[in-house]
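Participant: Just dropping this structure here.
Derivation of every value follows stated rules applied to the coordinates shown; laboratory data play no part. Computed from a predicted model, the values in this text were never measured in an experiment. Don't worry about glycine lacking a Cβ; one is built from the backbone with ideal geometry, like all the others, and counts go over all protein chains shown.
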Amino acid sequence: MQHQYITVNTMGHIFFYIGLSLLSIHEMDAIRCREWRIFPGLSLLSDRLGYIIFLFAHIPIFWFIYWQLAYSPYLSRFIRGFSIFMIVHAGLHLLYLKHKNNEFKDWISWTIILGAGLCGLLGLVT
């Protein structure tokens, strides 16, 4: 089966790709900071079960992202939607900043989180 690849000017979406990279790194940091402990629903589970569900839930999420980037005929829409998501994601972290189980406290975590949100914003306005 032959695939038709959609070419995208990656420089035209440089903020999207930097933001996606930051969000990917954030998910690694989220394991360190036990992000499942601040998620509604997952926070009610044992720490071990919350970790397992949080970890494995990212498999279909990343599959979806990679599939969109490789095969979607609506790539520009996906990039726009994901850019909006990066902004919303940063906003949610700000909303949960004072949550008792929030362990995203250092400058590294916040540089990653806010950097992804800023990339989402810049990707939408440029």
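Participant: Report the calculated FRET efficiency for Arg48 and Ile18 (r = Cβ-Cβ distance, R0 = 30 Å), to the nearest 0.05. Could you put the intermediate results ahead of the total?
Facilitator: Details: r = 34 Å, r/R0 = 1.13.
Efficiency, rounded to the nearest 0.05: 0.30.
Participant: Right, another one. Is there a quick way to get the dipole size of the chain? I mean about its Cα centre, with the Cβ of Lys and Arg at +1 and of Asp and Glu at -1; what is the value in debye to the nearest 20?
Facilitator: Approximately 200 debye in magnitude.
Participant: If you don't mind, another one. Sort out the exposed loop chymotrypsin sites (Phe, Trp or Tyr not before Pro) in the chain (DSSP loop, at most 13 other Cβ within 10 Å) and tell me the longest stretch that has none. Can you show the working numbers first?
Facilitator: On the way: sites that count: Tyr5, Tyr74.
Here the longest run is 6-73.
Participant: What FRET efficiency would be calculated for the residue pair Val88, Trp63, taking the C-beta separation as r and a Förster radius of 25 Å, to the nearest 0.05?
Facilitator: The computed FRET efficiency comes out at 0.75.
Participant: Same structure again: Applying the Karplus parametrisation 6.51 cos²θ - 1.76 cosθ + 1.60 with θ = phi - 60° to the phi angles of the stretch 15-30, what ³J(HN,Hα) value in whole Hz is obtained for each residue in order, glycine and proline being reported as x?
Facilitator: Calculated HN-Hα couplings, in order: 5, 4, 5, 5, x, 4, 4, 5, 5, 5, 5, 4, 5, 5, 5, 5 Hz.
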